[in-house]
Ligand code: 5GP
Ligand code: ZN
């Protein structure tokens, strides 16, 4: 399958990694929208949040454990935002489930 984030997960395309284990990889976004902008993905292909089911929810829970670990390690003490864009109107541009971890500036609410 021709999927950019599958290629990052298997090392075919290089990335600046923040964390990696058997199931999950976290890497710095190429076009950061905040001083800290990390993408967290399951290594196994999942299209989007719409495709999470009983067989894949475990890795999603694990991604949130990794987010908490990175927030401590990277000292994101002022706060952070976690975002997943799903579908066209939400602005999803890569069709492999990913969570944006954003920190280092103030974020508006509601989001634009
Ligand atoms: P989306 O728009 O789907 O929510 O997020 C996709 C993100 O992937 C964007 O923030 C974009 O900057 C990032 N991105 C796209 N291609 C690459 C790449 O080749 N390497 C990295 N590190 N990030 C990428
Ligand atoms: Zn993929």
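Details
- Largest mean-square fluctuation among 89, 56, 48, in a Gaussian network model of the chain whose springs join Cα atoms under 10 Å apart, belongs to 89.
- Rounded to two decimals, the Cα-based Rg/Rh of region 64-112, with Kirkwood Rh, is 1.01.
- Calculated translational diffusion coefficient of the chain (37 °C, 0.692 mPa s; Stokes-Einstein with Kirkwood radius over alpha-carbon pairs) equals 227 µm²/s.
- Pairwise label distance in nanometres, residue 50 with residue 78, each label 7 Å out on the Cα-Cβ vector: 3.6 nm
- Computed extension gain for residue 4 through residue 69, at 0.36 nm per residue and net of the alpha carbon distance, reaches 20.9 nm.
- Stretching the chain fully between residue 95 and residue 108 yields a gain of 2.1 nm (0.36 nm per residue, less the alpha carbon separation).
- 222 nm mean residue ellipticity, helices alone, for the chain (DSSP H n ≥ 4; -39,500 (n - 2.57); rounded to 500): -6500 deg cm²/dmol
Just so you know, all these numbers are worked out from the coordinates, no wet-lab data involved. These numbers come from a predicted model, not from an experiment. As a convention, Cβ positions derive from the backbone with ideal geometry for all residues, glycine included, and neighbour counts pool all protein chains shown.
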